[in-house]
1. Going by how many other Cβ atoms sit within 10 Å of their own, how do 22, 6 line up, fewest first?
2. In what order do 74, 39 fall by count of nearby beta-carbon atoms within 10 Å, going from fewest to most?
3. Please compute the length gained on full extension between residue 83 and residue 47, using 0.36 nm multiplied by the number of residues separating them and subtracting their Cα-Cα distance.
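Just so you know, all these numbers are worked out from the coordinates, no wet-lab data involved. All values reported here derive from a predicted model rather than from experimental measurement. Cβ placement follows ideal geometry from the backbone for every residue including glycine, while neighbour counts extend to all protein chains displayed.
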């Protein structure tokens, strides 16, 4: 996150706070996956017919997405800055 502070400083801004919230991103991914799984499980034959066949050869597992969040490949942060006097 120091890179973000450097970019802001170069633009004449002073960083007040910089907080990582990677766990929130991982929770959000899990919630989205749970909702999609519920939709898949509760789909009626009529809705499946309207949607058509699933043409994806295989669905990627949820593991890779969560691992990206845990290993900081993906992340979520809150950064606040003010204009320096």
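1. Details: 22 16, 6 11.
With the fewest neighbours first, 22, 6 line up as 6, 22.
2. Working: 74 15, 39 10.
Going from least to most buried by this count: 39, 74.
3. Working: separation 36, 0.36 × 36 = 12.96 nm, distance 5.31 nm.
Full extension from residue 83 to residue 47 adds 7.6 nm.
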